[in-house]
Amino acid sequence: MRNKILLILAFVVSSCAPVVVWEEVQSEKDGFRAYAFDLKGMPTGQDWVLYFTQMPNTFDFSSADGLETVQVQGPLYKIYPTESYKSSGHVRVICHCAEIRRLALAPQGAYIRRGGRARQVEMEVRLGYCDDGGGLYEANSRYEDVEVSRFDVIPQIKQLTLSDAAADISSGFSVGTEAGFGCGSWLKDELERIGLYSEDGIRIDFAGMSVDRQGAYAMAFHEDCLEIACSDREGAFSSVATLISILENGPGDSLSLFEVYDYPDMEHRGAMVDVARNFTGKKDLLLLLDELSRFKVNRLHFHFCDDEGWRIEIAELPELTEVGAFHLPDDEPLALLPSYNGIVDGESSSDGFYTEEDFVEILRHAADRGISIIPEIESPGHARAAIVSMRKRGDLRLDDPDDRSVYYSAQAYTDNVMNVASENTYRFMEVVISALERMYDKAGVPFVNLHIGGDEVPAGAWEGSPAVAAFMESEGIGTIRDLKTYFVMRMAKICKDHGLKMSGWQEMPLHINRDLDAELQEVFGFANCWNTVPEWGDDEIPYHLANLGYGVVLSNVCNAYCDLAYTLNRDEPGLNWAGTVNLEKAFALRPYDSYRSARYTVGGARTENTGEGKEPLLRPEMIKGVQTQLFAETVRSFDDVTYMMFPKSLGVFERGWNSYPAFGEEEFYHHFSKFSSIIYGNYMPRWQSFGFACHIGQPGLKIEDGLLYANSQYPSVVIRYTLDGSEPSDKSPIWTEPVPIKGGKVIKAKSYYLARASLTSQISL
């Protein structure tokens, strides 16, 4: 089916209502598809500019009828009239780019500036379906119907003994708030939430047994007491997470007597949340922390600044949030321009910040649930929000005003790299670090680890800066790589002086001079290793860095990137630059057999990557943990956050706790089927009960001998279908057995589970 996109932008200017139609045309150029901007009813004057935003792509625009189309900065583009513009009511601009098949990758966020005013333009995007039901049918057919109990929790318990006897728990449980390494308050709150707290209830005693393993806990439920033992604070919080899941998973007034012994295989079980590109407010972030704690996540990697935003108030540098937390429609150097959604109505998900008091509250809330927050100051690249903010301040400028370097970042920016030759950069970092220290101290929470980014400094950065050239000559720095090394080692010293460990993305330790490894490792925390795509040839990086002596947190793009779309469905949010990531791929992560983690190519073909001929893991003790990532280019609301993370992230959280899966490929789908059944049976109802927008797997469709077959990932899902090409609804017929196909050419179906529906699957006859 020919993909066709129609963007209809409705905006009333004076007496005209401009309409812009963006559609594929039958033309190709150098392997790129041709699309046309049809602008109808545009103003007759030359005093207007039409802006739109677009995910990074390679665009080749052709000028037409007195119009120019240029990239302003990053994802923001503009179409504007030249002196030769004479409106006939209809003008056409052709562009060539890589094929766009999904709404998340299409132009959006349009607005018009005219007469000194910027007004949002309503946008409707229509994009044809790709038939994907057939492929899903084959995938869904691999899954089994597996029965689960209330004791099937995630992460799964290592040792569980169940008794034939049971005890009445209708009276609830009691607990002292001082119990269990400070987790008593959280336990009490959770018991109250599920209606099982009573001061006269069964006593939960944290002093009954002993364990001797870091992070471990033991639990024993007797008729009149529930005993919990743990060796440390982490074990205490993990025991609470397990207990609350067990109690919440099963209805009824009785609970089987049981014994549990459990412990984590990895010390770092993390989630990264990007609030820089699109903002998640404090209330929603606290809810997210609540949910992450349920799955024994103990680290939140807090990506609070990037090119598109700075989100934590720094009292000493108010410009960081005055400028860096908001987006203005003005095409000027002292303001952040609209980024991925282009909204300029003052209520955009791209605007907002946390006050210092907000962040203190967030730190305390996380600590009360056993989660440590690791803040990330993106540097020296991905720093445009800070750079633009400090331009306004003037006395702490982070870029060289005479820099003529030509570069293009991964997110299409040309001015997002700090001047690492300037002392301003290090004074700036010192001020921010000191402010963060103050907030951690106020929260009463240890500040242990600072992430400084260090990734994706684009080629060409600094090469046209006179200040950098002079600095390199005076300091005897011969190459740009040596300059990167200088920055990393300066930051290592600053972190050491503040008593902090310093962490970063994989590029940071990869790109320093190897003779400095030992010195850097003295202060190094961990490297997030993300590039694990076998076809790209970099999947050896995690083990290579571990073998060099660096702590590694596996952040595999093939398994752990929640911002990659679940499928290539037209309506699926998220990106697909490294393929798709669904629950199965997350569950397939193997920390100590990482090469086998990528079971599919970027294009989606099944593959077997044994790691033969690649660098083996020689120092397994340096694999410190696993972590999910949610970058927020396509996030527009908290619903998007929960949808992209749940249930996908649970596969990674499972593997952080149980890192040595005791099954081979022949048993994979049996174990995955149980895991999926646990999620649908024990967690999906809970998510829906308090309004989390979680992902429901699409149905698979197949036509054979004139009959329609359908299946789902989870057997309890209800599949509703239509045979006439219309969208299924909760009133459409339920598929229960093969259905004869008569007439129509397009069949559609959705999976329904409780109150939520999946996206639409479609096949054509």
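The values are calculated or read from the model by the stated rules, or taken from the named source; none is laboratory data. In this text the structure is predicted, and so the values were computed from the model without any measurement. All Cβ positions, glycine included, derive from the backbone under ideal geometry; neighbour counts span all protein chains shown.
At a glance:
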quantity: Scope region 335-367; condition outside any loop (DSSP other than H, G, I, E, B) and among the charged types (D, E, K, R); matching residues; calculated: E356, E357, D358, E361, R364
quantity: Tally of residues being within 29 Å of K282 (Cα to Cα) and either in contact with a Pro (Cβ under 8 Å, 6 or more places away or on another chain) or of a type in the set (D, E, K, R) (or both) across region 373-411; calculated: 10
quantity: Subset of region 586-613 [touching a strand residue (DSSP E or B) at 6+ places or on another chain (Cβ under 7 Å) and not in a loop (DSSP other than H, G, I, E, B)]; calculated: S594, Y600, R606
quantity: Within region 681-708, considering residues that are assigned to a strand (DSSP E or B) and either within 20 Å of Y129 (Cα to Cα) or not assigned by TED's automatic domain parsing to the domain that holds I747 (or both), the one nearest to the chain's Cα centre (by Cα); calculated: G700
quantity: Region 277-290, residues that are charged (D, E, K, R) and either more than 15 Å from the chain's Cα centre (by Cα) or surrounded by fewer than 21 Cβ atoms within 10 Å (Cβ to Cβ) (or both); calculated: K282, K283, D284, D290
quantity: Evaluation of P18 against (1) in contact with a helix residue (DSSP H, G or I) (Cβ under 9 Å, 6 or more places away or on another chain); (2) at pLDDT below 80; (3) within 27 Å of L336 (Cβ to Cβ) (one fails), failing number; calculated: (1)
quantity: Hits in region 494-513 - residues which are outside any loop (DSSP other than H, G, I, E, B) and in contact (Cβ under 8 Å) with a residue 24 or more places away in the chain; calculated: I494, C495, K496, K501, M502, S503, G504, W505, E507, M508, P509, L510
quantity: Elements of type strands (runs of 3 or more DSSP E) in region 147-255, at least 3 residues being at positive phi and of a type in the set (K, R); calculated: none
quantity: From R636, R606, residue being of a type in the set (D, E, K, R), surrounded by fewer than 20 Cβ atoms within 10 Å (Cβ to Cβ), under 30 Å from H382 (Cα atoms) and at pLDDT below 95; calculated: R636
quantity: So F471, is it in the same structural domain as Y550 (by TED's automatic domain parsing) and closer than 30 Å to N609 by Cβ; calculated: no
quantity: Condition broken by P446, with the remaining ones in (1) farther than 17 Å from E423 by Cα; (2) surrounded by 14 or more Cβ atoms within 10 Å (Cβ to Cβ) satisfied; calculated: (2)
quantity: Residue within region 583-590 that is hydrophobic (A, V, I, L, M, F, W, C), in the same structural domain as P661 (by TED's automatic domain parsing) and free of Cβ contacts under 8 Å to residues at least 12 places away in the same chain present; calculated: no
quantity: Residue in region 527-538 that is in a loop (DSSP other than H, G, I, E, B), assigned by TED's automatic domain parsing to the domain that holds V635 and of a type in the set (F, W, Y) present; calculated: yes
quantity: Filter result (of a type in the set (A, V, I, L, M), crowded, with 24+ Cβ neighbours inside 10 Å and farther than 16 Å from I371 by Cβ) within region 244-276; calculated: A276
quantity: Residue list for region 626-681, filter: charged (D, E, K, R) and under 21 Å from P264 (Cβ atoms); calculated: K648, E654, R655, K674
quantity: Boolean, F524 is in contact with a Gly (Cβ under 9 Å, 6 or more places away or on another chain) and either of a type in the set (F, W, Y) or not assigned by TED's automatic domain parsing to the domain that holds F428 (or both); calculated: yes
quantity: Candidates D306, D358, filtered to the one that is within 30 Å of D400 (Cα to Cα), touching a Lys or Arg at 6+ places or on another chain (Cβ under 8 Å) and either in contact (Cβ under 8 Å) with a residue 40 or more places away in the chain or not hydrophobic (A, V, I, L, M, F, W, C) (or both); calculated: D306
quantity: Matching option when the condition is more than 27 Å from H671 (Cα to Cα) and assigned to a loop (DSSP other than H, G, I, E, B), among P573, P616; calculated: P573
quantity: Test: residue in region 586-597 that is of a type outside the set (F, W, Y) and closer than 28 Å to G691 by Cβ; calculated: yes
quantity: Number of positions in region 53-72 that are under 35 Å from the mean Cα position of the chain (by Cα), surrounded by 15 or more Cβ atoms within 10 Å (Cβ to Cβ) and hydrophobic (A, V, I, L, M, F, W, C); calculated: 3
quantity: Identity of the residue in region 455-487, free of Cβ contacts under 8 Å to residues at least 60 places away in the same chain and assigned to a loop (DSSP other than H, G, I, E, B), that ends up surrounded by the most Cβ atoms within 10 Å (Cβ to Cβ); calculated: W462
